[in-house]
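J.: Take a look at the following structure, please.
None of the figures in this text is laboratory data; all of them are computed from the coordinates on show. These numbers come from a predicted model, not from an experiment. Here Cβ is always computed from backbone atoms with ideal geometry, including for glycine, and neighbour counts include all displayed protein chains.
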């Protein structure tokens with residue numbers, strides 16, 4: 001278990017639509033990445049590199 005903080009990415013144009021919770025909730029699993037309906041995506045490598053383990 002753990003967390004990934006997407007907030008630092010929201011400053012980038014591609015992720016701006018995700019500031020709207022309704023848009024953020026339109027996430028889907030793309031195999032090796034997660035993707036939103038607006039076209040923003042994050043690879044598993046990016047998520048793993050920033051993953052914060054939780055007890």
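J.: Add -39500 (n - 2.57) for each DSSP H run of 4 or more in the chain, then divide by its residues: what number comes out at 222 nm, to the nearest 500 deg cm²/dmol?
T.: On the way: 2 runs with 11 residues, N = 55.
Rounded to the nearest 500, it is -4000 deg cm²/dmol.
J.: Give me the one-decimal nm value for the distance between modelled label points at residue 51 and residue 16, 7 Å along each residue's Cα-to-Cβ direction.
T.: That separation, rounded to one decimal, is 3.2 nm.
J.: Right, another one. Show me 13-22, 32-41 ranked by packing, highest mean number of other Cβ atoms within 10 Å first. Write out the running numbers ahead of the final one.
T.: Details: 13-22: 12.8, 32-41: 14.6.
Packing proxy ranking, top to bottom: 32-41, 13-22.
J.: Using Cα pairs under 8 angstrom and six or more residues apart, how large is the relative contact order of the chain, in percent?
T.: Working: 55 pairs, mean separation 23.2, N = 55.
Relative contact order for the chain comes out at 42 percent.
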